[in-house]
Amino acid sequence: MKTLIVYDSVFGNTEKIAQAIGNALSFRTSVEMLRVGDAKLEHLTDLDVLVVGSPTRVFKPTKTITNFLKSISKKGLKGVKVAAFDTRLTMSVIEESRVLLFFVRLFGYAAKPIAEKLKGKGGKLIIPPEGFFVKGMEGPLEEGEIERATSWAKEIVKSKDWFNNETSFRRSRCICQT
């Protein structure tokens, strides 16, 4: 199986989460990690799994992630399993400001719109979008978030869709080798 993780990172927090996810998945699949500026549409060829992550900036993904997702054709992810994540402030920080709380409730975070765009391009969402917490606008990550990202990645591998395709993949390899 071939997995691609595309991410953007402003202060390095989202990159750390992407690395934790990549490390956890690398035990079951070939993983390539690319900062979104280095990702090209050719990287989506023969892809089994695409994971996309972004910091939440002004209640949405970064512009570079949004532009990358827009560049994918309408059915460009047909047959590809997809997952989305973001980094975000904790609710305790958000609740300190009524204005910030209002806008978060109104607009949300980056992961859900990323997941919707991936599905809109034909991808099959195999796990709900996830948010990982930072202590302030620039971070660092909250304690335990790297471990939570690792656990989330392991849930991707445990998903029914991952297993079914991996079983088919193994079966076809066995047939070819005999």
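Does GLY108 count as at pLDDT 95 or above, within 18 Å of the chain's Cα centre (by Cα) and either surrounded by 18 or more Cβ atoms within 10 Å (Cβ to Cβ) or not acidic (Asp, Glu) (or both)? No, not satisfied. Among the residues of segment 28-39, just one is assigned to a helix (DSSP H, G or I) and surrounded by 13 or more Cβ atoms within 10 Å (Cβ to Cβ), namely VAL36. Candidates GLU96, GLU42, GLU116: the one that is in a loop (DSSP other than H, G, I, E, B), free of Cβ contacts under 8 Å to residues at least 12 places away in the same chain, out of contact with any strand residue (DSSP E or B) (no Cβ under 6 Å at 6 or more places or on another chain) and not small (Gly, Ala, Ser) is GLU96. Once segment 61-73 is narrowed to residues that are under 14 Å from the mean Cα position of the chain (by Cα) and not in a helix (DSSP H, G or I), the residue that is nearest to ALA84 (Cα to Cα) is PRO61.
The residue of segment 1-27 that is surrounded by the fewest Cβ atoms within 10 Å (Cβ to Cβ), among those that are in contact with a strand residue (DSSP E or B) (Cβ under 9 Å, 6 or more places away or on another chain) and over 22 Å from PHE133 (Cβ atoms), is SER26. Filtered by the rule that a residue be in contact (Cβ under 8 Å) with a residue 24 or more places away in the chain, assigned to a helix (DSSP H, G or I) and among the aromatic types (Phe, Trp, Tyr), segment 99-113 gives PHE103, PHE107. Reported count of residues in segment 126-178, each being in a loop (DSSP other than H, G, I, E, B), surrounded by 15 or more Cβ atoms within 10 Å (Cβ to Cβ) and either modelled with pLDDT of 95 or more or of a type outside the set (Gly, Ala, Ser) (or both), is 5.
The values are calculated or read from the model by the stated rules, or taken from the named source; none is laboratory data. Since the structure is predicted, the reported quantities are computational estimates derived from the model, not experimental observations. Positions of Cβ are generated from backbone atoms using ideal geometry, with glycine treated the same way; all protein chains shown enter the neighbour counts.
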